[in-house]
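What follows is calculated from the coordinates using simple rules that are stated; it is not laboratory data. As the structure is a prediction and not an experimental result, all values here were calculated from the model. Ideal geometry is used to build each Cβ from the backbone, glycine not excepted, and the neighbour counts take in all protein chains shown.
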Amino acid sequence: MSSCSDSDNDPEGIANTKLSGKVLGTSFTAKGGKAFMSGNNELSVNVTNIQADCTSDVLNYELKITTYVKAELGTYNNVNVVFNKKGANPLNYLQGAVEVVRLTSNEVTLKIKANSSSDNSIEGFFTVPFCE
């Protein structure tokens with residue numbers, strides 16, 4: 001029997017490491033993105049593997065993770081986390097866990113955990129600019 005260290009995991013079970021994993025079979029490490037209000041007090045959060053900010057167009061991201069959560073601090077379970085790759089059909093994973101760690105008028109820090117398969121798995125934290 002083996003054991004694992006919990007040093008990289010918070011009490012909610014989402015690793016305290018930079019958001020990374022695989023998106024439709026391609027290695028992914030978060031480097032940019034943006035968040036904005038999408039109505040009903042919900043945040044639309046888009047994270048990509050390239051440098052991107054409020055001036056970027058989410059439709060131009062080669063790889064991205066998209067999710068919608070309440071614009072409030074807290075942990076949310078059974079959240080839709082969408083794995084997107086340009087030119088491919090998106091994959092919706094409906095059992096994601098998302099924690100809104102920090103929310104200011106300028107930026108949003110999230111922790112995301114979504115493990116659909118070995119080709120679609122993401123975990124960790126990342127901060128994106130909050131755009132109007």
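For the chain, the relative contact order works out to 27 percent when only alpha carbon pairs closer than 8 Å and six or more residues apart are counted. Estimated from the Cβ-Cβ distance and a Förster radius of 41 angstrom, the FRET efficiency linking Leu94 and Cys54 is about 0.90. Close amide H contacts of Cys131 (hydrogens built in the peptide plane, cut-off under 5 Å, sequence separation of 5 or more or a different chain): Ala35, Phe36. Neighbour counts of other Cβ atoms within 10 Å put Ile50, Ile112, Ile14 in the fewest-to-most order Ile50, Ile14, Ile112. Assign one of three labels to the stretch 34-79, namely rounded, prolate or oblate, based on the Cα gyration tensor with a ≥ b ≥ c the square roots of its eigenvalues; rounded applies when a/c is under 1.5, prolate when it is not and a/b is larger than b/c, and oblate otherwise. Since a/c reaches 1.5 and a/b is larger than b/c, the shape of the stretch 34-79 is classed as prolate. Each Lys and Arg Cβ is given +1 and each Asp and Glu Cβ -1; about its Cα centre, the chain then shows a dipole of about 320 debye. With 20 Å as the limit on Cα-Cα distance, the pairs of Lys64/Lys86; Lys86/Lys111; Lys22/Lys86; Lys31/Lys86; Lys64/Lys111; Lys22/Lys111 that go past it are Lys86/Lys111. Which shape class, rounded, prolate or oblate, goes with the stretch 50-132 when its Cα gyration tensor gives a ≥ b ≥ c as root eigenvalues, a/c under 1.5 marks rounded, and past that a/b bigger than b/c marks prolate? Judged from the Cα gyration tensor, the stretch 50-132 comes out oblate (a/c at least 1.5, b/c at or above a/b).
Charge dipole (Cα centre; +1 on Lys/Arg Cβ, -1 on Asp/Glu Cβ; no other charges) of the stretch 20-97 amounts to roughly 220 debye.
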